[in-house]
Each structure stands twice: as structure tokens, then as C-alpha cells.
1. If a/c stays under 1.5 just call it rounded; otherwise compare a/b with b/c (prolate if a/b is bigger, oblate if not). Do that for the stretch 206-265, with a ≥ b ≥ c from the square roots of the Cα gyration tensor eigenvalues.
2. Determine the dipole magnitude for the stretch 304-409: charges of +1 sit on the beta-carbon of Lys and Arg, -1 on that of Asp and Glu, nothing else is charged, the reference point is the Cα centre, and the result goes in debye to the nearest 20.
3. Let me know the Rg and Dmax you get for the stretch 3-102 when you use only its Cα atoms, in Å.
4. Before rounding to the nearest 500, sum -39500 (n - 2.57) across all DSSP H runs of length at least 4 in the chain and divide by the residue total; then give [θ] at 222 nm in deg cm²/dmol.
5. Place the peptides 391-399, 189-197 in order of packing, highest mean first, counting for every residue the other Cβ atoms within 10 Å and averaging per peptide.
6. Taking a virtual spin label 7 Å from the Cα of residue 293 along the C-beta vector, which residues in the stretch 247-274 bring their backbone nitrogen under 14 Å of it?
7. When all protein chains stay in place, what accessible area (Å², nearest 10, 1.4 Å probe) is found for residue 321?
8. Provide the net charge surrounding residue 160, with neighbours chosen by a C-beta distance below 13 Å and charges set as Lys +1, Arg +1, Asp -1, Glu -1.
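The values are calculated or read from the model by the stated rules, or taken from the named source; none is laboratory data. Fair warning: this is a prediction, and the values are worked out from it, not measured in the lab. All Cβ positions, even for glycine, are placed from backbone atoms using ideal geometry, and neighbour counts span all protein chains on display. For accessibility, only protein heavy atoms count, side chains too; no ligands or nucleic acids. Shrake-Rupley method; radii C 1.70, N 1.55, O 1.52, S 1.80 Å.
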Amino acid sequence: MSPTRIRRTGSYRFEIDWTATLGFRVDRSAETTIKREYDALVAVLYELRANGQTEILRRFAKGEIPVAALKQAKRLGRLKSDSLLADLAMLGRLWHQDTICPRRRRESHEHSVECLGVVDRLLPRMGKGETQRRYATSLAKLRRVAKTELPETATVSDLARIDWDRLFDRWPDSGSDWNHMRRAVSRLLSTLLGHPHHPTRLDIMGKIPLADEEERVPELTIAQFWELVNETPEHARPCYVVLAATGMRLGEYLRCTTEHLVPARYAIRVPGTKTKRSRRVIELGPSAWPWIEAGVPSPLQSRWMHIYWWRACVALGFGRYAQVVRNGVPQVRASRRKDGTREARPVMRYTGLRLHDLRHLTGQVATDEGATTAQVGDALGHSDYKTTARYQRRRHSRIVGQKVASALFHEQETAPREAPHATERPNAVEPPPPVPAHNDR
């Protein structure tokens, strides 16, 4: 009996019924129009069965393992390996293969197993909401920056062959951005290999350096905070007051409803979204409660909360918009006018005081008012008190700086004036003492 083809001149198709012995059948495209290659692939499947690689065949039948991965494993002589499942996972293409994507021919077609890269397949399992978006952004940036080391045809195993120190030296953004990318690669490998302590993952992560992050604690006073709040539209103000009063993450705040309010105790039951400790109860007292009732649930979605905040920060000098520049080239995008024509407009990015900085404001104000590191960490839902220690370090630096400055200026005011030394010029004029700058910003 001749093998089945998808169409007269199309690819051959596997139709192997192993239901009686293995409990499943292989019914999928062989992705080749050459009879000799098809016969070789069928021989590979029967060799896997003879070697007891039932789980490999089961996943291949479900479409989770590409045909190309089996070909590569055969060439490398790994069909009998006890770690074949991990080997096949590492041989998968990292990025989406645009050249063989069915959607190139017709938009209504679905993606195939062969065109989807490992990142495409695993991203939905790597996190939810903002976490998933952050991973997607970091991996897309890695693809763009490391396109020489990780071309379109790169496999997951190529991550072990990158000169990560060299890539770190030319990474275009901050150390925090690099560490975000590092966490995305770590989560990708953990999801792919099934365990965070897999030897292959540990080997790759050991080659990626960890960048030093600058601890972000904004220089924002309470008076400046209220100036910013008053600069936003009136209906948006409760959003920012609730974030500053509670220290909630934006995702936690947007999930809050009236069911999370406890009016008898003037408290909020925070729906934690990030860590096990993020579910907590915050008691605020009667003075803040009118703002809480006006701001929960949020009258705005995330997009407009950011837009109003950025506008207020730009208006008061706490932020600015700058054109995005990549590889020395200012970025522009085509924009449609009302008359139907298009024009090139610069791609702008906001830099400055962030909405998340209101959470840092909460931690710093609480620390300055005498709250301990453990108390602040519990209120903010930190899983590690080392994260909270930044506010104590800032407070300690402020206390030491004020004490030293007070002692120095006190000595300057009380010390008697001495006659100039003989080596000094007789007409030299002593510079006036420095005047403290009064600048709230």
C-alpha cells in the first residue's frame, strides 16, 4: 500500500496505528514530498518504538515535537539516549519561522508546529498578565540585540554557545533591563525542561552574568506628590492616592473591587498577584477612607492612569518625552491623517517618574516615620526583606548626612577667625561659605 499524501503533489502523511499496543496513533504530516525521506522518517519512528521511547512518540503524535528535531536527533545518534526528551527540547527552533509560516500564504491559516518557535509555544505557560508581557518584551529584545549570535534558525541549544559577557558589554539598556532578560531566559528553560534545577538550565544560567541594579527610590516629597495629583483630572485623582496610601502594585489595585473593602476596619484585603506574601490586609484609618471608597474599584484602566500621570510629570518637570533611537537611528512610524494620507512621526518614549514609584514612596514614607523593615515588608507584600532594606539605607544615609552637615557648619560658625598664613597672598579673598540650595525637586 502506497503512503498517503495530503494532496497529489503535496507532502506525505504519517498514518501509523499503534492504538492496540501503545494506545495512540500517529496521524500528521511528514513535511516532505520525497519518498526516500518519508521512508527514512518512518524508520526513525519504528526505531524509537524499539528503543522504548514511548513518551517521545506520544508527544510527536500530539504535534509537540517537530519533524526537524527527530531528523537532528537521528543525525547526532541520540535516539537511544536516556535524556532524549531534553535533547529534543534543546534542538527546537527558538524563534518563529516566518519563511515556512502558513499565514504567509493566507491570513486565515493557523500556525503550524514547524513554524512556531519554542518561545511562541511556551510563553502562555510562563506567566500571566504583566509577567507574561514582561517576558515577551525581554525575549523580543534579546532576539533583536543578539541577532548575530541567535539568527532566525537558532535553536535553544545555541543559548549555551553565546558569549554572554560580550553581549552584556553591548546591551543597550540598564542593568535592571538585562536582569529582566536573564529572568525570562531562566523561566523559558525551566518551563521547557520541566524543572528549575535541570543540569542544562543550570549550565546556561551560570554563563549569563548578573548585572548590578540601581535601587530605585524616587526623590519625591509628600508636597510634590499632592502637586502631581492636583495636576491630573479630578476623576483620576483617587487612583494615585490609593496607590500611594496602600503601596499596592498596579495589577493588585486594578483587581480590587468593593468586595475587597472592609469598612468596619477601614481596611483593604489586597488580592495579591506576584508572591505568596502579596495577599495581605492593609488598615488605613478614617482619614484616608473617602479616597479609598472613591478609588475602589478603579475609575480608570491602566492605559489612562499612565497617560494622566505622564502628563502631570512632564508638566511639573518630573519627566519628559524623548525620541526612541536604535543603533543610532531615530525611530519613526507611519501615522494616518484624517484625510487618509500618511505621515512619518517620531516614536516617542516617556522617561521620568513612574507610576510604580508611588509604591516606593509608600515604603520610604513609612520608613521615615519609624516603621521597621519587617513592618514595611509585610505591608508591601515583599517575599524577601532584602528588597525592603533599600528604604532603611536611604533613611540611614539621610540621618548621617544631616548629622555630619550639622556638625561641620556648627564648627564653622563657632570657630575663631585666624590670621592668614605667610604663604597666602595678602590680597586673597576668602570664599563665602556655601549656601544650602532650597530645591524641593
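1. Oblate.
2. 600
3. 13.5, 39
4. Calculated at 222 nm, the ellipticity per residue is -13500 deg cm²/dmol.
5. Taking the mean over residues of other Cβ atoms within 10 Å, the ranking is 189-197, 391-399.
6. 258, 261-267
7. Near enough 100 Å² of accessible area.
8. -2
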